[in-house]
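> If you scroll down you'll find the structure; I have some questions about it.
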Amino acid sequence: MPRRLFHRASATLARRTLWRLGARVAVVLVVTTLLGYWHVAKSLTSTARDTLARYVTERAERESQTFLLAESNLDILKQAFLDALTRTGRDFDPQSEFDRLFTRWPDGAYRRRPGTFNSHIEAGGFIARYVEHNPALRRDLLSMHRLAGEYGRAWQRQFSATYLASVDGYFATYWPGVDWTHDTPADLQLTTLPWVTILLPENNPQRKTVWTGIWNDTVAGGWFTTCVSPIDLDGRFVYYVATSITLDSILRRTLETRLTGTYNLIFRADGQLIAHPGLADRIRLSNGRYNIEQSDDAHLRAIYHAVTRAGGQTVVENGEWNEYLGIGRIDGPGWYFVTVYPKAMLEAPAYRAARTVLLLGLLSLAFEMLLLYVALKRQVARPLAEISATARRWAGGDRSARVRLRRHIDAELAELGRAFNRLADSVESSEAKLAEYATRLENEVAARTRELTLAKELAEFASLHDPLTGLPNRVLLYERLQQAILAAERSGGHLAVLFVDLDHFKEVNDRFGHEAGDQLLRVVAARLQETVRRQDTVSRLGGDEFVILLPEVAQPDDVEPIAQKLQTALADPVTLVSGEVRVEASIGLCVYPSHGRDAETLVSNADIAMYLAKQGGRNRFQTYPGSR
């Protein structure tokens with residue numbers, strides 16, 4: 001608009017009223033837009049922080065389960081080994097059994113006898129050539145060999161390898177399909193190995209179970225970490241037990257399962273990087289020893305410093321990089337699980353909503369001001385005063401304020417009043433739209449929260465059930481078995497554990513293929529469930545092994561008829577896609593409290609009874625012969 005036109009009209013009451021009213025409405029519009037932006041941004045930030053905190057907490061808890069189970073398993077294995085040392089007679093020399101399994105190799109070390117060792121189902125053994133042989137060593141190694149095979153086979157679905165070793169130069173290990181002893185140097189000093197060094201009293205004075213760093217095994221293929229626990233006798237570090245865990249699934253979930261727009265990483269408290277979506281090659285080239293503090297990645301170092309200085313907070317702000325960091329701790333190794341959440345994900349929706357409202361308001365204001373300028377050409381004091389008063393009320397927050405259009409005022413002032421009223425309606429509509437945008441965003445966040453809750457529930461179900469048959473897995477079985485033991489202890493009653501192992505199942509896989517074998521396992525699972533009671537638990541430990549918990553048994557003699565019913569139910573032929581097979585099973589029985597008073601002992605004794613049934617000719621059941 002030409003400057004001279006403004007100057008010519010600047011002294012008029014109408015023009016002064018026009019500019020005053022327009023300025024006030026503009027201020028209200030801008031302030032309303034800014035307040036709306038602030039409210040939306042604050043709401044999104046609060047919701048996102050809460051969602052991020054829940055997400056990292058739940059993810060850390062889920063990833064902790066495998067590590068905590070490994071530590072628990074090592075405690076069980078350690079106690080079993082100590083019990084074996086106590087039970088073995090000091091005067092007994094198992095020379096014949098030792099010679100059957102082990103022999104001296106050309107390099108002077110003792111290993112499993114060639115041609116008799118199947119690493120898929122048996123444990124390997126090793127004695128360095130500098131070790132002096134005696135009955136105690138032979139007793140120790142045979143106990144290690146037996147326990148590594150028994151527990152290693154039971155744990156192989158979740159844990160890659162199981163070790164028992166003496167720092168004096170001999171050990172036994174079970175790693176399915178991998179003979180780790182074959183290439184072991186004959187003069188190997190175990191105390192020089194990294195996972196043994198960290199157990200030395202000077203490095204581990206508390207004698208705790210500890211975790212190694214990660215390492216890539218080119219023979220087995222994949223990333224692993226090892227949990228090791230020392231065994232001291234008479235104040236001297238003599239033995240240790242260990243188990244290795246494959247990290248491939250954890251690393252894959254860390255990199256692939258994430259909140260939209262974010263990424264996850266894992267690192268140790270000392271700065272060793274475990275998983276990062278952009279640094280996988282560097283981690284691989286360093287064989288898992290990539291240290292954040294020594295890297296040239298300033299962003300990664302800033303994340304590490306912010307996390308390690310968080311002081312227990314679940315969500316912290318990494319201001320330099322304009323992001324939030326969700327922090328979870330993985331129990332066991334104590335690793336940090338971190339989700340990086342860019343703030344731009346929160347600012348962009350709020351900015352777009354505020355910008356739209358502001359632009360619409362400004363366009364409406366400009367249009368209405370043009371109408372007001374045309375209408376306010378004449379000096380009419382009272383109507384303009386009324387309009388001015390109405391504008392002040394509206395600016396003060398009275399959204400119901402409108403210009404009253406009197407009959408006696410001329411058409412131009414009436415148009416001015418109507419224009420003001422339209423402006424008020426437009427701004428009120430813009431505020432309503434802003435509120436609608438905020439509600440929509442809140443609904444989207446709520447929907448995402450429900451998705452995360454569903455994902456958690458699915459993950460919890462998968463962690464407690466066998467993916468092939470849908471039966472409870474080892475974790476859920478032991479949980480229910482512990483509850484049944486407590487109930488039986490309070491009532492003085494009995495419970496039974498049946499260990500079912502299919503005979504000749506490998507022949508089904510070899511003849512018809514693994515798909516037919518999986519179909520057979522599902523049929524067996526269904527028949528077992530149909531045969532027992534509703535309150536009984538049928539679980540699958542892995543392979544062709546099932547464990548049945550009978551929580552309420554009136555008399556111990558009632559268990560064998562149930563085993564007979566199970567064998568009868570399994571005896572009917574099964575028609576597979578590739579042909580018809582007959583199912584036979586060996587069943588081991590044990591009863592609480594006669595054959596054990598804790599879950600691990602009951603399952604182990606039922607397993608022993610099952611092996612006795614197999615040795616007795618298969619397709620039969622056998623009650624555990626011992627008692628406690």
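The values are calculated or read from the model by the stated rules, or taken from the named source; none is laboratory data. Since we're looking at a predicted model, the values are computed, not measured. Cβ coordinates were reconstructed from backbone atoms using ideal geometry, including for glycine residues, and neighbour counts include every protein chain displayed. Heavy atoms of the whole protein, side chains included, go into the accessibility calculation; ligands, DNA and RNA do not. Shrake-Rupley method; radii C 1.70, N 1.55, O 1.52, S 1.80 Å.
> For segment 546-594 and segment 58-128, what is the separation of their Cα centres, given in Å?
Each part reduced to its Cα centre gives a spacing of 30 Å.
> Please turn the phi angles of segment 272-284 into ³J(HN,Hα) values with the Karplus equation 6.51 cos²θ - 1.76 cosθ + 1.60 (θ = phi - 60°), one per residue in order, whole Hz, x for glycine and proline.
6, 7, 9, 8, 7, x, x, 10, 4, 5, 5, 4, 5
> Amide H to amide H under 5 Å from residue 274: which residues, 5+ apart in sequence or cross-chain, H placed 1.01 Å off N in plane?
Under 5 Å from the amide H of residue 274: 266, 267, 268.
> Measuring with a 1.4 Å probe in the full set of protein chains, what accessible area per residue, in whole Å², belongs to segment 476-528?
Computed with neighbouring chains in place, this is 48 Å² per residue.
> Here's another thing I want to ask about it. Spin-label point model (7 Å from Cα, Cβ direction): what's the residue 42 to residue 256 distance in nm?
4.2
> Moving on to the next point. What is the sum of charges around residue 160, taking Lys and Arg as +1, Asp and Glu as -1, for the other residues whose C-beta is under 15 Å from the C-beta of residue 160?
Charge balance near residue 160 sits at -1.
> Working from the pairwise distances between different alpha carbons, so that the mean of 1/r is found and then inverted, what is the chain's Kirkwood radius in Å?
The answer is 30.7 Å.
> Compute the long axis of helix 381-395 from its Cα atoms, compare it with the longest principal axis of the Cα atoms of the chain, and write down the angle in degrees, 0 to 90, nearest 10.
That helix lies at roughly 10 degrees to the long axis.
> Considering only protein heavy atoms, what is the solvent-accessible area of residue 611 at a probe of 1.4 Å, reported in Å² to the nearest 10?
Its accessible surface works out to 90 Å², give or take rounding.
> Please find the FRET efficiency linking residue 206 to residue 433, where r is the Cβ-Cβ separation and R0 is fixed at 41 Å, and quote it to the nearest 0.05.
0.05
> Cross-chain or 8 or more residues apart, Cα under 21 Å: how many lysine pairs in the chain fit that? Count them up, please.
So the count works out to 5.
> Work out, step by step, the length gained on full extension between residue 506 and residue 363: first 0.36 nm times the residue separation, then minus their alpha carbon distance; give nm to one decimal.
So the extension gain works out to 43.7 nm.
> Mind listing the long-range amide H neighbours of residue 584? Cut-off is under 5 Å, sequence gap 5 or more, other chains count too, H placed in the peptide plane at 1.01 Å from N.
Placed amide hydrogens put 503 under 5 Å from residue 584.
> Compute the length gained on full extension between residue 121 and residue 418: take 0.36 nm times their separation in residues and subtract their Cα-Cα distance, giving the result in nm to one decimal.
Going from the current span to full extension adds 97.8 nm.
> From the helices alone, meaning DSSP H stretches of at least four residues, give me the mean residue ellipticity at 222 nm for the chain, per-run term -39500 (n - 2.57), in deg cm²/dmol to the nearest 500.
Taken over the chain, the calculation gives -17000 deg cm²/dmol.
> What are the trypsin sites (Lys or Arg not before Pro) within segment 466-546 that DSSP puts in a loop, where the Cβ has at most 11 other Cβ atoms within 10 Å?
Counting only loop positions with at most 11 other Cβ atoms within 10 Å, the trypsin sites (Lys or Arg not before Pro) in segment 466-546 are 533, 534.
> Put a dot 7 Å past each Cα toward the Cβ at residue 404 and residue 192; how far apart are the dots in nm?
Result for the modelled spin labels: 10.3 nm.
> Something else now. Which net charge results for the neighbourhood of residue 64, defined as the other residues with beta-carbon distances under 11 angstrom from its beta-carbon, given Lys and Arg at +1 and Asp and Glu at -1?
Summing Lys/Arg as +1 and Asp/Glu as -1 gives -2.
> Another question, then. So if we plug the beta-carbon distance of residue 534 and residue 479 into 1/(1 + (r/R0)^6) with R0 = 25 Å, what FRET efficiency do we get, rounded to 0.05?
0.90
> I've got another one for you. Net charge near residue 272: determine it from the other residues with C-beta under 13 Å of the C-beta of residue 272, scoring Lys and Arg +1 and Asp and Glu -1.
In short, +1.
> How large is the accessible surface of residue 117 in square angstrom, using a 1.4 angstrom probe and rounding to the nearest 10?
Rounded to the nearest 10, that gives 50 Å².
> Here's a follow-up. Can you tell me how much longer the chain between residue 68 and residue 183 gets when fully stretched, taken as 0.36 nm per residue apart minus their C-alpha distance, in nm with one decimal?
Extra length from residue 68 to residue 183 when fully extended: 38.3 nm.
> OK, next. Which order do you get for 386, 507 if you rank them by accessible area with a 1.4 Å probe, largest at the top?
Ranking 386, 507 by accessible area, largest first, yields 507, 386.
> Follow-up. For residue 343, enumerate residues with amide H under 5 Å from its amide H, sequence gap 5+ or separate chain, H modeled in the peptide plane.
Here the answer is 323, 324, since their amide H atoms fall under 5 Å of that of residue 343.
> With each label point set 7 Å from Cα along the Cα-Cβ vector, what nm distance links residue 113 and residue 87?
2.4
> Leaving ligands, DNA and RNA out of it, report the carbon-plus-sulfur percent of the accessible area of the chain at a 1.4 Å probe.
Carbon-and-sulfur percentage of accessible area, whole number: 51.
> Next question. Rounding to the nearest 20 debye, state how big the charge dipole of the chain is about its Cα centre with +1 on each Lys and Arg Cβ and -1 on each Asp and Glu Cβ.
With Lys and Arg at +1 and Asp and Glu at -1, about 4700 debye.
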